[in-house]
Structures are given as structure tokens and as C-alpha cells.
Amino acid sequence: MTRSDGVRVSIVTPFLDAGPFLREAVESVLAQTYPDWELLLVDDGSTDGSTSVARAFAAAHPGRIRYLAHGGRVNKGASASRNLATTMARGELIAFLDADDVYLPDKLSAQVPLLDAHPEAGMLYGGTEYWHSWTGRPEDRARDWVWHRYGVSPNATVAPPRLLATFLRDGGTVPCMGSVLARRRAIEQVGGWEDSFRHICTDQVFHAKLSLHFPVFVADGCWDRYRQHEGSACHRVERAGQLDAASLRYLSWLEAYLAQRRVSDADVRAALRGALRPYRHPWMHRLARHAGRQAARVRRAWTGGN
């Protein structure tokens, strides 16, 4: 169903000094084959030319593309920026696009009918192309690949809280935000994003909250590209050697969140304990891994390597 104001999907794009990439991100939204969308560009305190790019697009497409900013154009982080946009959104469905990524043209035309067909789902997600060839270098073309490590059988609705346990057991199953389409009411009911997570693990927090409280439809399709470049938040944190600290902070937050809401699901609790073990009991974790490797060697010896 299309709203009378012509907006069914609100696309949220926070940006911070995204000058080299923002234009391409916006153009990928303008290229959508689905017509009933708006784009909310949230300036998170940019100091480069991306502010001018966003304002120019908003001026060229009034009512279709909107420029937003925090008071005083201060930097509040990605989570607060997404929360700001969600409160201003006109659409009943919310999609997310990072300022350095792009949608494929049929992103919305494929996903909106899928979510309509599964009214029980609070959101859906699919695969994502890890995009190296944006550089134009021939050697990068072969490095492109599509993430579809769902951890569950796709093309099905997964009841809560199964996906959360899956994400905790294998962090590689957490989807990219560009693949997501969510119901605004679901986002509002879980309290939106956590403002204290400004740059890293924002997605993990969002997926934990949604998958804990709502069924999620996992679609076996790819409708977005995740640009791989050294300036991304993930690469910066990794170079700084802060990934472990960021992961522990997320898991500690989740532990408190589950306790506050008195979540007693045994599978989620066991998965969380397992995810926390390397950080809280590193020696036990190393011993368990060593014992596992030794047992595997024995099995191979007994079975002749089969």
C-alpha cells in the first residue's frame, strides 16, 4: 500500500566526512525502480564537502531528499543519527544505507513485496556484495564476493530469539545494514538504536534488539554493495587494535540488556557465555581450543584422515 504522500519507505543515510562517496550513494537511491521512497541524509558533523553535496541533493529533490543535522551540527555518532532520522521519517518502512555504500536498482522493488508477504516479520535482510572493484582496478574485480552466510535456512521467517543465538555463535552471520528493510513500529518498540554505540558494533546492537523481540525474514538475495576501503570505521578500529575491546563492550552491554529484560532463553544464554569466554576466561578458552585440536588429530588418525 502506498501512502497518500507518496512515501512508504524512508531510507536513512548518516554521513561524516563522506565526500568521496556520498554522491554515488545518493545516486543509487535515485536509481531505484521502486518509486515510493524518501531519503534522509543526516549530517553527523561533517567538515568536508559532503555537507554541500547533501544540501545540493536536498535542494534539487525537495520533499524527496531531506537534509538533517543535530543541533549545532555536532557529531553524535551513527546510532544517534539513525535515531534522529527515524523520528523524522514519514515511511512505515525503514531502510539503511551507509554513505560509502550503494544500493542495486531493485533493492526496494524486491524487498517491499517480500516484507508485505510476511506481515509477522519485524524486518528482513539478505546477502550483500563485498565490493572491491569500485576502485576500477582490474585486479580488484576478482575480489568481489557476495556474503550469504546466514547461519539459518534462507527464504523463511525465523522466530525470536533464534537469530540472536546464531549471531552470538558466529559473528560472521550478522548482516550488513544495507541489506535490511525494517518496520518503523518494530524499531520504535525496541527503543531504536543505542546512542552510546557511536561508530562500531552499532549494527550488532540493532540486530540483537530486533531479533530478540521480532520474527525476521531472511531472504536469499543480494541488493546492496558494501564498499571495501581503508577509511571505513571497521578498518580504522582494526588498524588501531581495538576490535577485541569493541566486541567485549557490545557483549557486556548485551549481557546487561538481557538481564534487565529478564530474558531466560537457554540457547541465547549459552551462546552469550560462549561469546564472552575468550574475553573473560582467555586461558580456559585457549586450553579448550588446544584440546579440541588434539581430539581432531586423534579422530583423523583413527579414521585415516576421513
Positive-pole candidate from Ser81, Pro161, Ala117, dipole of the chain, charges at beta carbon: Pro161
Cα-centred dipole magnitude for the chain, charges only on beta-carbon of K, R (+1) and D, E (-1), debye, nearest 20: 1320 debye
Let me know the longest stretch in the chain that avoids all trypsin sites (Lys or Arg not before Pro) found in a DSSP loop with at most 13 other C-beta atoms within 10 Å. 4-142
Set of the range 168-189 residues, backbone N closer than 19 Å to the point 7 Å along the Cα-Cβ line of Met88: 184-185, 188
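What net charge do the residues around Ser28 carry, taking every other residue with its C-beta under 13 Å from that of Ser28, with Lys and Arg at +1 and Asp and Glu at -1?
Numbers: positive: Arg23, Lys107, Arg225, Arg227; negative: Glu24, Glu27, Asp98, Asp100, Asp101, Asp106, Glu129, Asp224.
Within the 13 Å Cβ shell, the charges total -4.
Once you have the Cα-Cα distance between Arg143 and Ala159, take 0.36 nm times their residue separation minus that, and quote the gain in nm to one decimal.
2.3 nm
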Name the residue from Ala25, Gly49, Ile11 whose Cα lies farthest towards the positive end of the charge dipole of the range 1-81, charges +1 on Cβ of Lys and Arg and -1 on Cβ of Asp and Glu. Ile11
In whole angstrom, how far apart do the alpha carbon centroids of the range 77-150 and the range 205-232 sit? 7 Å
Residue separation times 0.36 nm, minus the C-alpha to C-alpha distance between Glu255 and Arg280: what's the value? 7.7 nm
Mean projection of the alpha-carbon convex hull of the range 44-131 over all orientations, in nm²? 7.3 nm²
Could you state the angle between the C-alpha long axis of helix 50-60 and the longest principal axis of the C-alpha atoms of the chain, as a value from 0 to 90 degrees rounded to the nearest 10? 50 degrees
Assuming a ≥ b ≥ c are the square roots of the Cα gyration tensor eigenvalues, decide whether the range 114-209 counts as rounded (a/c under 1.5), prolate (otherwise, with a/b larger than b/c) or oblate. prolate
Within the chain, helix-based [θ] at 222 nm, where runs of 4 or more DSSP H residues each add -39,500 (n - 2.57), nearest 500: -13000 deg cm²/dmol
Per residue, the convex hull volume that the Cα atoms of the chain enclose (Å³): 161 Å³
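Just so you know, all these numbers are worked out from the coordinates, no wet-lab data involved. The shown structure was predicted, so the numbers you read here are calculated from the model rather than taken from an experiment. Glycine also receives a Cβ, built like all others from the backbone with ideal geometry; neighbour counts cover every protein chain displayed.
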